[in-house]
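Visitor: Here it is, the structure, as structure tokens.
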Amino acid sequence: MTEPTWTYKGRMITEISDMPEGTYGFVYQITHTPTNKKYIGKKVMYFTRKVKLTKKEISEQTGPGRKPITKLVTKESDWASYYGSNKEFLTLTRTFPKEEFQKEIIELATGKKMLTYYECKYLFKHGAIENNELYYNDNILGKFYRKDFI
């Protein structure tokens, strides 16, 4: 059994080099094909985190001023195998075969702010938190909740 790939405008996306240059992240829609119920979310292409420098790296620093004790490390995220953060939807992805899920990229973003904007745009456009028959999403930005519409 192979891991389903993402599609973007009808093209298969299987590795990061398939993405246009400058892509920070993407907004996606995953559909459980037997029920046609969907989940909309966003995913970044790279993780950046602070890592403490080793004693050797600190001692090798030259120049005036205070020496940094951390550095930023960037690595590719788990975007290729990602299925979202909604607990109900994740349980579904573990219960049913991966072939029952269609993973589609609906918008690419070049920065963090635009990525959040596009995610909100599609969630509001499709009424994702109002329509629990069609969508698994239960909140937008942690501010608007499905329970508020019931």
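The values are calculated or read from the model by the stated rules, or taken from the named source; none is laboratory data. On a predicted model such as this, the values are computed, not experimentally measured, just so you know. Cβ coordinates were reconstructed from backbone atoms using ideal geometry, including for glycine residues, and neighbour counts include every protein chain displayed. For accessibility, only protein heavy atoms count, side chains too; no ligands or nucleic acids. Shrake-Rupley method; radii C 1.70, N 1.55, O 1.52, S 1.80 Å.
Visitor: Considering only the range 106-117, I want to know if a residue exists there that is farther than 23 Å from residue 14 by Cβ, open to solvent by less than 40 Å² (accessible area, probe 1.4 Å) and at pLDDT 95 or above.
Guide: yes
Visitor: Being in contact with a Ser or Thr (Cβ under 9 Å, 6 or more places away or on another chain), surrounded by 13 or more Cβ atoms within 10 Å (Cβ to Cβ), in contact (Cβ under 8 Å) with a residue 40 or more places away in the chain and not acidic (Asp, Glu): is that true of residue 38 here?
Guide: The answer is yes for residue 38.
Visitor: Moving on. Does the range 59-82 contain at least one residue that is surrounded by 13 or more Cβ atoms within 10 Å (Cβ to Cβ), in a helix (DSSP H, G or I) and over 13 Å from the mean Cα position of the chain (by Cα)?
Guide: Taking every residue of the range 59-82 in turn, none turns out to be surrounded by 13 or more Cβ atoms within 10 Å (Cβ to Cβ), in a helix (DSSP H, G or I) and over 13 Å from the mean Cα position of the chain (by Cα).
Visitor: Tally time: how many residues in the range 88-105 are over 14 Å from residue 28 (Cβ atoms) and open to solvent by less than 70 Å² (accessible area, probe 1.4 Å)?
Guide: Going through the range 88-105 one residue at a time, the tally reaches 5.
Visitor: If you don't mind, another one. Starting from the range 95-118, take each residue that is touching a residue at least 24 places away in the same chain (Cβ under 8 Å) and list its partners that are assigned to a strand (DSSP E or B) and among the hydroxyl-bearing types (Ser, Thr, Tyr), counting only C-beta distances under 6 angstrom and pairs at least six apart or across chains.
Guide: Note: pairs meeting the criteria are 102/31; 104/7; 105/8; 105/28.
Visitor: What number goes with the only condition from (1) farther than 23 Å from residue 5 by Cβ; (2) open to solvent by 50 Å² or more (accessible area, probe 1.4 Å) that residue 85 does not pass?
Guide: (1)
Visitor: Surrounded by 10 or more Cβ atoms within 10 Å (Cβ to Cβ), closer than 23 Å to residue 125 by Cβ and not charged (D, E, K, R): is that true of residue 33 in this structure?
Guide: The answer is yes for residue 33.
Visitor: If you take just the strands (runs of 3 or more DSSP E) that sit entirely in the range 1-46, which of them hold at least 2 residues that are at negative phi and not aromatic (Phe, Trp, Tyr)?
Guide: 11-13, 25-32, 37-44
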